[in-house]
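S.K.: After the structure tokens below, expect a handful of questions from me.
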Amino acid sequence: MKALSASFAALLLSVLLLRGANGATETVVYSFCSQYKQHQCMDGDFPDAGLINVKGTLYGSTVRGGAYGYGTVFSFDPTSGAETALYSFCSQKHCTDGEGPYASLINVGGTLYGTTVYGGVYSDCTCGTVFSLDPATGAETVLHSFGSGTDGTYPDDSVIDVEGALYGTTAEGGAGICYGQFTCGTAFALDLATGAETVLYSFCIQNTCPNGAYPHAGLINIKGALYGTTESGGAYNGGTVFALDPATGVETVLHSFGSGADGNGPFGGRLINVKGALYGSTVGGGAYGDGTVFSINPATGAETTVYSFCSRKNCTDGDGPLGSLTNVEGKLYGTTKAGGAHGAKYGGFGTAFSLDPQTGAETVLHSFDYDGTDGYYPEAGLINVKGTLYGTTYGGGAHGEGTVFSITP
């Protein structure tokens, strides 16, 4: 047999590196900053949010880039690989149209809705917006600008639609004061018919924050009750899982993290409902201090640590899950921001993983690496499109500014 040519050997090696021991294959389907003009990544830069699927087209956002450098909403055709920046933020003076969309979008009747962490109409507090976008025309409308008082500030996760109203959280703001001087976040509702925003609940009604503080993740609706998490606060100051009655504004802490190996800091991934049990992740804590996947019974508040990350040397199983989980036929899929097969190098650059919630068995589908074009730092969750998983990485790719990738488990 003839020796392999150097170029073919390099190509074969790259394919083998992308194919995990479990047979999963990762493919970069788009690298951001492919369209560079006037010192800007016109197609977007640094995608921090996950994707949504609307009739075969994927939609997402980037924190930076676009025509004005302050973020985009984009569409991506997974068949052709074509990416289009539908809207560039900060196209209006003082970024009254919003700046920095960190959260995933939602689709309501063909209109996209999302949030920006910064921007809005209040010049003394560019504290974020809720916006709508027509994907057909690219027309963007600000539905609410935060920062007018105690309505909340800095919404950094997505909203949900419940019977014509949007519900979400702000990481700061509200009427509560925690730790002596800081505002600690809200849960809010926005009436799509009238545009009226209502604060349903202000976190940290007591200075020690037993009811939770800093809700970075969004909400989910289960039979009229809203469920979410706070990054800190609770009985042990490790964060909470809470339930909220939107009709009365009554908030109930179902679980307080930080009492042991149950996790610490449920930071960014919203909860998901799988056959009546809630599943989520913490960025820290657990048996090894590097994050967990947990389940909780919403009726009793009983919490179970399903998996503790960094159970293997150099955290090759992942470290610090930030994004939401995805349920595909009873198996959970997600990402970690660090760790993986390259965990010995700068703490690793993240993983995509699967987890059997019944057995607690975790499998790394792909380990991202700084040295290559497959992307690194996946900070958002995955979505399932006909058996293929899609996600984003905050950095890496052909131009170093982030990617859209696919994984075939």
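The values are calculated or read from the model by the stated rules, or taken from the named source; none is laboratory data. Quick caveat, the model's predicted, so the values are computed rather than measured. Cβ coordinates were reconstructed from backbone atoms using ideal geometry, including for glycine residues, and neighbour counts include every protein chain displayed.
S.K.: Kindly indicate the residue of the stretch 370-384 that is in contact (Cβ under 8 Å) with a residue 60 or more places away in the chain and in a loop (DSSP other than H, G, I, E, B) and also farthest from the chain's Cα centre (by Cα) among those meeting that condition.
M.R.: That would be 372.
S.K.: Here's something else I'd like to know. Name the strands (runs of 3 or more DSSP E) wholly within the stretch 112-229 that hold at least 2 residues that are of a type outside the set (Val, Ile, Thr)?
M.R.: 129-133, 140-145, 165-170, 186-191, 197-202
S.K.: Further, regarding this structure: When you go through 326, 304 one by one, which is the residue that is free of Cβ contacts under 8 Å to residues at least 12 places away in the same chain, surrounded by fewer than 24 Cβ atoms within 10 Å (Cβ to Cβ) and not assigned by TED's automatic domain parsing to the domain that holds residue 226?
M.R.: Result: 304 is the single residue among 326, 304 that is free of Cβ contacts under 8 Å to residues at least 12 places away in the same chain, surrounded by fewer than 24 Cβ atoms within 10 Å (Cβ to Cβ) and not assigned by TED's automatic domain parsing to the domain that holds residue 226.
S.K.: Another question about this same structure. Which members of the stretch 383-402 meet the condition of being more than 16 Å from residue 349 (Cβ to Cβ) and out of contact with any strand residue (DSSP E or B) (no Cβ under 7 Å at 6 or more places or on another chain)?
M.R.: 386, 387 - these are the residues of the stretch 383-402 that are more than 16 Å from residue 349 (Cβ to Cβ) and out of contact with any strand residue (DSSP E or B) (no Cβ under 7 Å at 6 or more places or on another chain).
S.K.: Conditions: (1) surrounded by 15 or more Cβ atoms within 10 Å (Cβ to Cβ); (2) outside any loop (DSSP other than H, G, I, E, B). Residue 94 meets all but one. Number of the miss?
M.R.: The failed condition is (1).
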